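The values are calculated or read from the model by the stated rules, or taken from the named source; none is laboratory data. What you see is a predicted model, and the numbers here were worked out from it, not measured in a lab. All Cβ positions, glycine included, derive from the backbone under ideal geometry; neighbour counts span all protein chains shown.
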């Protein structure tokens, strides 16, 4: 059962849209904990609201699960997310750690990805100053 829930979870992320976010209800615990560089939430509604918010604020987001590994009640996902921003296609790569309960539902989803190089550096004003500060730091070394 756990493996089918994980495959359905991966499939849902791979085809995520505002119309199917409620399908998480069958795959996650009501008390799910979600953590990423910008969020730390608890509960099914807070979890789903992150994705509703994403679709409201990001143009054409897509998730691609490149690989996964499962051992007992722990799952690791290697993924890539694409979206349009700053007049071009953007890509963020990362990993997710999922913990499953005894029923096989996801009770914890923690994302690991580099928010500085994956997102902030691409913001026109911020990115410029970040790159300049790296250059100045390296030239002093």
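The residue that is surrounded by the fewest Cβ atoms within 10 Å (Cβ to Cβ), among those in segment 66-99 that are farther than 27 Å from residue 3 by Cα and under 15 Å from the mean Cα position of the chain (by Cα), is 91. Is it the case that some residue within segment 99-117 is over 20 Å from residue 9 (Cα atoms), in contact with a strand residue (DSSP E or B) (Cβ under 8 Å, 6 or more places away or on another chain) and either at pLDDT 90 or above or not in a helix (DSSP H, G or I) (or both)? So far as segment 99-117 goes, yes, one or more of its residues are over 20 Å from residue 9 (Cα atoms), in contact with a strand residue (DSSP E or B) (Cβ under 8 Å, 6 or more places away or on another chain) and either at pLDDT 90 or above or not in a helix (DSSP H, G or I) (or both).
Selection of segment 42-65 for residues being more than 13 Å from the chain's Cα centre (by Cα) and in a strand (DSSP E or B) yields 42, 59, 60. Please determine, by comparing only the residues of segment 65-88 that are out of contact with any strand residue (DSSP E or B) (no Cβ under 6 Å at 6 or more places or on another chain) and without any contact (Cβ under 8 Å) to a residue 24 or more places away in the chain, which one is farthest from residue 27 (Cα to Cα). Restricting to residues being out of contact with any strand residue (DSSP E or B) (no Cβ under 6 Å at 6 or more places or on another chain) and without any contact (Cβ under 8 Å) to a residue 24 or more places away in the chain, the top hit is 87. Note on segment 20-40: among residues that are part of a strand (DSSP E or B) and modelled with pLDDT under 95, the one that is surrounded by the most Cβ atoms within 10 Å (Cβ to Cβ) is 36.
The residue that is surrounded by the fewest Cβ atoms within 10 Å (Cβ to Cβ), counting only those in segment 1-12 that are touching a strand residue (DSSP E or B) at 6+ places or on another chain (Cβ under 7 Å) and at pLDDT 95 or above, is 10. Of the residues making up segment 8-19, those that are farther than 12 Å from residue 98 by Cβ and assigned to a helix (DSSP H, G or I) are 8, 11, 12, 14.
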